[in-house]
Amino acid sequence: MNWFNDFANPTRFLNLSAKLLPWLWGLAALILIPGFYMAFFIAPEDYQQGQTIRIMFIHVPFAWLAMATYALMAISSIGTLVWKHPLADVSAKAAAPLGAAFALICLLTGSFWGKPMWGAWWVWDARLTSMLVLFLMYLGLIALWNAVEDPIRAGKAAAVLTLVGSINLPIIKFSVDWWNTLHQPASVFRFDGPTIHISMLIPLLLTAAGMTLLFLALHLIAMRNEILRRRVRTLRLLEASRAVEA
Amino acid sequence: MQHFGFILASYLSTALILGVLALWLILDHKKQKAALQALEARGVRRRSNAPAKPATTSHDSEQVTK
């Protein structure tokens, strides 16, 4: 657990993240460029959905990322409440706007895919509705963090709410199995293996891996910003207390 | 290409949202850095950044960095 404790020092985290960021950007570009090339020029069109299958290469990775970001926030929340790790609520707070953006991308691209395939921009289907709930939960958590001035108190309240809201993750994942939905069932993460053809699976996995690296880079930047924001707040409080004493 | 508009709208909206997100992060970073520098210019520093002081002076530097 030494590495875990090493990260408890924000200054050490800032130094390490500054070294990591260029590698993350570079790796993301190295994976995304061939991923999108394959998605557009090598993957065939779907026998039923035609060219709209190209939307899958952004829709699915961002759906996964929207859920993975929330899972990361739930783990960070445990870190806040159980281990009181100084960077845990920084991580959770920094991840929330990213998760909200990913959920919004998932909903928008899903809508652009749904209209030509289903004939509707939106249906109150279990998968779509649970994803919308995830997006609203992100907005609620961002509002909570902004409503409470003390970041430690805000972090604890948000951690409890995040953990309660994590019940939505299995609902999103299994909504297509538990209910009769218009949304297609899982075709990659299945007990009996992927049902998607390899010519589409490889670019999908590449774009998903590249966007995950992109998320990690954005998350590190957001965490660095949050650490700086807390330093500014601390110094302003100290400056104010000095002014009162003087 | 059939349904080209829907595909283009998907990729454009994704690029727009990611662009706004990246821009917000960059501007936020600049804002926090500027605020930190302004505080340090006024002599409010963290303990690790505070200039060394003789032992006989006041406890101001200690208070600033707590």
*Go through the range A:86-111 residue by residue and tally those that are touching a residue at least 24 places away in the same chain (Cβ under 8 Å) and either within 10 Å of another protein chain (Cβ to nearest Cβ) or closer than 25 Å to residue A:52 by Cβ (or both).*
12
*Output the number of residues of the range B:27-39 satisfying the condition of being surrounded by fewer than 17 Cβ atoms within 10 Å (Cβ to Cβ) and at the interface with another protein chain (Cβ under 8 Å from one of its Cβ atoms).*
2
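Take residue A:216 and tell me if it is farther than 18 Å from residue B:22 by Cβ, in a helix (DSSP H, G or I) and either of a type in the set (A, V, I, L, M, F, W, C) or free of Cβ contacts under 8 Å to residues at least 24 places away in the same chain (or both).
The answer is no for residue A:216.
Within the range A:218-232, can you find the residues that are of a type in the set (A, V, I, L, M) and within 12 Å of the chain's Cα centre (by Cα)? So that I can check it myself, show each step before the final result.
Here is the first cut: in the range A:218-232, the ones of a type in the set (A, V, I, L, M) are A:218, A:220-223, A:227-228, A:232.
Residue satisfying the conditions is A:218 alone.
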*Failed condition for residue A:78, given (1) more than 10 Å from every other protein chain (Cβ to nearest Cβ); (2) crowded, with 20+ Cβ neighbours inside 10 Å; (3) of a type in the set (A, V, I, L, M, F, W, C), with all others met?*
(2)
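When you check residue A:58 against the structure, is it over 23 Å from residue A:131 (Cβ atoms), assigned to a helix (DSSP H, G or I) and either in contact with a strand residue (DSSP E or B) (Cβ under 9 Å, 6 or more places away or on another chain) or in contact (Cβ under 8 Å) with a residue 60 or more places away in the chain (or both), yes or no?
Working: over 23 Å from residue A:131 (Cβ atoms): no; assigned to a helix (DSSP H, G or I): yes; either in contact with a strand residue (DSSP E or B) (Cβ under 9 Å, 6 or more places away or on another chain) or in contact (Cβ under 8 Å) with a residue 60 or more places away in the chain (or both): yes.
The answer is no for residue A:58.
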*Go through A:171, A:196, A:227 for me and flag whichever is in contact with a Phe, Trp or Tyr (Cβ under 9 Å, 6 or more places away or on another chain), among the β-branched types (Val, Ile, Thr) and more than 11 Å from every other protein chain (Cβ to nearest Cβ).*
A:171
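Restricting attention to the range A:166-174, does a residue exist that is of a type outside the set (Lys, Arg) and outside any helix (DSSP H, G or I)? Give the steps one after another, and end with the answer.
Of the range A:166-174, the ones of a type outside the set (Lys, Arg) are A:166-172, A:174.
Now narrow it down to the ones that are outside any helix (DSSP H, G or I): A:166-167.
Yes, because at least one residue in the range A:166-174 is of a type outside the set (Lys, Arg) and outside any helix (DSSP H, G or I).
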*Residues (at pLDDT 95 or above and surrounded by fewer than 16 Cβ atoms within 10 Å (Cβ to Cβ)) located in the range B:1-21*: B:8, B:12, B:15, B:16, B:19, B:20
*Does the range A:104-124 hold any residues that are among the β-branched types (Val, Ile, Thr) and in a helix (DSSP H, G or I), and which are they?*
A:105, A:109
*Could you run through the range A:133-153 and say how many residues are without any contact (Cβ under 8 Å) to a residue 12 or more places away in the chain and in a helix (DSSP H, G or I)?*
5
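The values are calculated or read from the model by the stated rules, or taken from the named source; none is laboratory data. These figures come from a predicted structure and were not determined experimentally. All Cβ positions, glycine included, derive from the backbone under ideal geometry; neighbour counts span all protein chains shown.
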